[in-house]
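Here the structure comes first, spelled out in structure tokens, and everything after it is commentary.
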Amino acid sequence: MDNIRGAAFMVFAMFCFAVEDGLIKLLADDIPVGQVISVICLGGLIIFLGWAAAKGERLWQPDYLDSKVLMRSFCDVAGSIMFVTSLTLIPLTTASAVIQATPLVVAMGAAVFLGQAVGWRRWLAIMVGFIGVLIIIRPGMEGFTPATLLAVGGMLGLAARDLFTRGLSVTLTGPQLATHTFALIVPAGLFLAYFQGQSLVVPDTSQSLILGAAIVIGMIAYLAIVAATRGGNAGIISSFRYSRMIFALIIGYFMFSEIPDAPTLIGAAIIIASGIYTLWRETKLHRASLTPKPAL
């Protein structure tokens, strides 16, 4: 029952994130993308700070200055900025397909930097997943779009964020880590708009409503993720993160008339299959390690 509940919340969270991506792409046609992400994160920051105040928590935490926390947030900021920027330059489905490789990079990084044991089967799955990324990007081939590399950079930044999260020894909660990241993304987004030579604009009524919807949907997605990970088998539940690609395909088609080509679909399928196998294998080995060995 916990697995079913967790999977349902995970699928719902992925739906919300895909909708938020679509709204950001829609807004970026008329509003600088840096301004869009700054406004959305400012809204999230206000919500998280209000949440902390309502619970009687201190708004400032000394651990915010921890070097690993700062590096985690820096990677989150860089990854988010690059991924959101890629949404404005390439199809939503392409950017979403690339971001599916994040768990594979995390698995590889955990082996290389955190000393986690990874067997040859998972290494093979990771390599096959990277082949899927190359099929989507098509470097040096017809159909290659340099802006796709922004999605790759965003994926690498978010993977690095997850790796730093695994190595944290501080007592900060999920909302507190999100607060730290949002506080840094707000000025980073404004700097992006300045760097691109774009002037800030005052959103009209419809754009303001879409911005508000993106803020609310993003917060709902976050709460759904928290609910999804509170119980059940983490490997099984995490595999449902790949449902985001299905929602991206639907939203891309109906909102932007996107019809992904064969290489994008093939690459996405390879990445998802490799990621699910990696999660399944990791879960199986973890379960085996917890099984008591019979006494000799």
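Only the coordinates and a few stated rules stand behind these numbers; no lab work does. Please read these numbers as outputs of a predicted model, since none were measured by experiment. When we count neighbours, we look across all protein chains shown, and the Cβ atoms used for this are built from the backbone with ideal geometry, even at glycine.
Things to note:
- Amide H contacts under 5 Å for THR229, placed H, 5+ residues apart: none
- Helices that extend 20 Å or more along their long axis by alpha-carbon positions and average at least 0.5 on the Kyte-Doolittle scale are, among the DSSP H runs of the chain, 2-27, 33-54, 67-87, 120-137, 148-166, 174-195, 205-228, 262-290.
- 14 Å beta-carbon shell around SER206, net charge (K/R +1, D/E -1): -3
- Residues in the range 174-209 reached by a label modelled at TYR64 [backbone nitrogen below 15 Å; 7 Å Cα→Cβ]: 174-188
- Taking 0.36 nm per residue of separation and subtracting the Cα-Cα distance, full extension of the segment from ALA8 to THR229 would add 78.5 nm.
- Shown is the FRET efficiency for PHE191 and ILE250, computed with R0 = 45 Å from the Cβ-Cβ distance and rounded to the nearest 0.05: 0.85.
- Computed [θ] at 222 nm, deg cm²/dmol, the chain (DSSP H ≥ 4; -39,500 (n - 2.57); rounded to nearest 500): -25000 deg cm²/dmol
- Computed lengthening from ARG138 to THR205, 0.36 nm per intervening residue step minus Cα-Cα distance: 20.1 nm
- Estimated inter-spin distance, LYS284 and THR173, nm [label 7 Å along Cα→Cβ]: 3.8
- Virtual spin-label span in nm between THR145 and ARG166, 7 Å along Cα→Cβ: 3.1
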